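Data block below; observations after.
No value in this document is a laboratory result; all are computed from the given coordinates. Since this is a predicted model, take the numbers as computed values, not measurements. No Cβ is skipped: glycine too gets one built from the backbone with ideal geometry, and neighbour counts run over all protein chains shown.
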Amino acid sequence: MDRREFIRKSALGVAAAGILPATLLEGCASPGAGPGDKTTKKMKISFQEGIAPGETLAEKFDFMEKHGVQGFEPGGRGLAGRVDEIKSLLSGRDIEVTAVCAGFEGFILAEEPETKALFDRTMREIIVAAGELGSCGVIMVPAFNHQTPCKPHTQQTRDYLVEQLADLGEFALRNGTAVILEPLNRREAFYLRQVSDAASICRDADCAGVTCMGDFWHMTWEETSDYGAFFSAGRHLRHVHIASRANRKMPGEDGVQDEYREGFRALKELDYDGWISFECSTNGDRLETVPAALDLIRGQWEEA
Ligand code: MG
């Protein structure tokens, strides 16, 4: 029996025994196996640091609370030095840390050992900080197009990636968090472009600490169906990014192109209870475009 066959049979055995585990992590996505209650599932909205208007993080949090945004997605760069600041700013607020967005140096598929070692060291530092903040996971990309020399796009590289991710996922689990694979569009990262491919890597890594996400903006170019993409990720889906579909502005700034209902319908049917996090800029005044974007996606969620 090869590894793939072993994983398949093990998964079937676990499923048959009725003990397929939900996520070990509180506050993170743990979609159920079947259709959920589409009418009552609430949307959980998160903002990256640059989304809300405000000069300081405290002012941004004030704005978020006023508008019912309960999730905050910090960047990973320098996060270890910001843990105390973020904890104290969030103390007494109805906001929690969601995912942590990248911020490491080097990359996991680097050919050069020193570049890989840099990734291992900086990624683990961020994972530890993410765990201290109660984050549901650290977002990572296996290799951006500009990152070279990179291991070739072969079966051997995929096997290597799966093994490396399993190690990293175990480390993340021990720290109370996870790693989240993010597929990007082909202009940024040819290696991993579709949500279903990321989910398949998660399945093969066979570790609850290896999860994936979908970003509506990247999905515009790579997916043939938002519904199919999210639904295929199933229990491996940990996080979602949202932006306008054509220009990565606030949802709604690209007009009728900003359609999310098919994707939302899959999230509802999966009982997805993770976050939908804003990752975008704006052409307008944030005091107006951010509340308008919230109204738009809340309306589409209701209709999905
Ligand atoms: Mg993204």
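Things to note:
- Neighbours of Phe171 by Cβ distance under 10 Å: Lys/Arg scored +1, Asp/Glu scored -1, total -1.
- Segments 86-93, 68-75 sorted - mean Cβ within 10 Å per residue, highest first: 68-75, 86-93
- Each Cα pair under 8 Å and six or more residues apart adds its separation to the average, and for the chain the resulting relative contact order is 21 percent.
- The H on the amide N of Ser277, modeled in the peptide plane, is under 5 Å from the matching H of Ser46, Val240, His241, Ile242, each at least 5 residues off or on a different chain.
- Distant-in-sequence amide H partners of Glu73 (H built 1.01 Å from N, under 5 Å): Phe47, Gln48, Glu49, Thr98
- Cβ charges +1 (Lys, Arg) and -1 (Asp, Glu), total dipole of the chain, debye: 580
- Rounded to whole Hz, the Karplus (6.51, -1.76, 1.60) HN-Hα couplings of the stretch 113-119, x for glycine and proline: x, 5, 6, 5, 5, 5, 4
- Using alpha-carbon coordinates, inclination of helix 57-66 to the longest axis of the chain, degrees: 70
- Here the sum of -39500 (n - 2.57) over DSSP H runs of 4 or more residues, divided by the residues of the chain, equals -13000 deg cm²/dmol at 222 nm, to the nearest 500.
- Options Phe190, Ile95, Ser277, ranked by Cα towards positive dipole end of the chain, top entry (Cβ charges): Phe190
- Here the Karplus relation 6.51 cos²θ - 1.76 cosθ + 1.60, evaluated at θ = phi - 60°, turns the backbone of the stretch 206-214 into coupling constants of 6, 9, 5, x, 10, 10, 9, 8, x Hz, with x for every Gly and Pro.
- Over the chain, the fraction of Cα-Cα pairs per 10 Å bin, rounded to whole percents and listed from the shortest bin up, is 6, 28, 36, 23, 6, 0.
- Cross-linked pairs Lys42/Lys249; Lys44/Lys87; Lys60/Lys249; Lys60/Lys116; Lys66/Lys249: Cα-Cα separations exceed 30 Å for Lys60/Lys116.
- Percent breakdown of C-alpha pair distances by 5 Å bin, ordered from the shortest bin, for the stretch 93-154: 4, 19, 25, 19, 14, 9, 6, 3, 1, 0
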